[in-house]
Amino acid sequence: MTDEMKIPPDHPRAESLRVREKLVENHDRGVVAKAGLIAHGRGEAFDYLLGEKTTKSALEAIKAAAATLLTAKHPVISVNGNTAALVAGDIVELSEITGAEIEVNLFYRSGERERAIERVLKEARATEVLGLGKDASARIPEIGSERRRVDPKGILAADVVLVPLEDGDRTEALVRMNKKVIAVDLNPLSRTAQLATITIVDNIVRAIPLLVRIAQDLRGKKQLNESSSKFDNSRNLGKAMQLINQRLSNLAKKERYISLLEVDRI
Ligand code: PTJ
């Protein structure tokens, strides 16, 4: 933790501040992109609206994601700066349980960032990391950004790709290539959330550890194919939006909130 930021343990938002601090530290280590800090702020806003808890609909998506990863022929987990900073250890565990490869894939790609992220993953005991340097020699068609660079042994050949904190363009391109895309995105309105095969509308700091536990429980169970094919992403996203709508309506009715508005006006 940096000297400037000592988080009091009894601070009402201590956990959220710790997550922020982790991102800032990892930005200073060259892992997180500047824009990654901004992206996290957007995520936090949606997390606030969702109640900062894993919702029932997110849990349904996590179960479908676990089943899809476990039944995949060639699953790959795509790792960017924010994911490495916040959940590197869980990503390595998930890869061990599901047999998924780990590939670094960056929007803001540079050799330095690749190496910094590789270091974080190796510190978390990853044995192999794809998509580094010349290994990212294949190109996903119709994408302008650095995200198009992928490893022929990894994302290019994958049938299922897990993409935490993704951009819409690549999700769309991967789906067009007939891959199943599992996204983790707190914004149910984002293009990524709307275009993915399965969208987990939850914070990665809660969703990935839970995905690890559920994949562990489901491993070796029957009828996993059925539970993954039954999942309806549009319906599930609708539930997340309804929940936000409902929470705001309920909160708006509370007297405390009304009195706060009055104070605001003075
Ligand atoms: O490390 P790089 O170079 O690959 O860059 C990563 C970022 C995140 C900068 C890049 O992918 C980007 O610009 O992403 P976007 O388009 O801003 O989308 C990020 C999405 O993730 C937004 O919809 C946020 O709401 C969401 N998000 C942010 N933090 C979290 C999150 N979702 C889940 N958990 C979070 N902690």
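Rule-based calculations on the coordinates, nothing more; no lab input. Source: prediction; values computed, not measured. Note: ideal-geometry Cβ built from the backbone for every residue, glycine included; neighbour counts use all protein chains shown.
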Worksheet entry | Rg/Rh for the chain, where both radii come from Cα atoms and Rh is the Kirkwood radius | 0.99
Worksheet entry | Span from the the stretch 57-127 Cα centroid across to the the stretch 18-39 one, whole angstrom | 17 Å
Worksheet item: Which order do L189, L210 fall in if you start with the one that has the fewest other Cβ atoms within 10 Å?
Response: L189, L210
Practice prompt. Show which aspartates and glutamates lie in cross-link reach of K73 when reach means a straight Cα distance below 17 angstrom and same-chain residues fewer than eight apart are skipped.
Written response: E96, E101, E103, D151, D159, E226
Worksheet item: Counting only residues 5 or more places away or on other chains, whose amide H sits under 5 Å from the amide H of L130 once H atoms are built in the peptide plane?
Response: I102, E103, V104
Worksheet item: Taking the chain as a Gaussian network, where each spring joins two C-alpha atoms under 10 Å apart, which residue of A252, A66, A84 fluctuates the most?
Response: A252
Worksheet, complete the sentence: Computed over the chain: longest principal axis from alpha-carbon atoms vs helix 34-50 long axis, angle to nearest 10 degrees, is 50 degrees
Worksheet item: Over the chain, what is the mean sequence separation of C-alpha contacts under 8 Å (at least six apart), divided by residue count, expressed as relative contact order in percent?
Response: 22 percent
Worksheet item: So what is the 222 nm mean residue ellipticity for the chain from helices alone, if each DSSP H run of at least 4 adds -39500 (n - 2.57) and you divide by all residues, rounding to the nearest 500 deg cm²/dmol?
Response: -17500 deg cm²/dmol
Practice prompt. Between P141, P188, P75, find the one with the highest GNM mean-square fluctuation for the chain; connect C-alpha pairs within less than 10 Å.
Written response: P141
Worksheet item: Is there a pair in K34/K153; K63/K179; K34/K63 whose C-alpha atoms are over 21 Å apart, and which pairs would that be?
Response: K34/K153; K34/K63
Fill in: Among A61, H11, G99 - extreme Cα towards positive end, dipole of the chain, charges at beta-carbon
A61
Discussion item. I want to verify a result. In a Gaussian network model of the chain, Cα cutoff 10 Å, which of these has the top mean-square fluctuation: L174, L218, L59?
Written reply: L218
Discussion item. Based only on other Cβ atoms within 10 Å, what is the fewest-to-most ordering of E128, E101, E52?
Written reply: E128, E52, E101
Worksheet item: What's the exposure ranking of K221, K179, going from fewest to most Cβ atoms within 10 Å?
Response: K221, K179
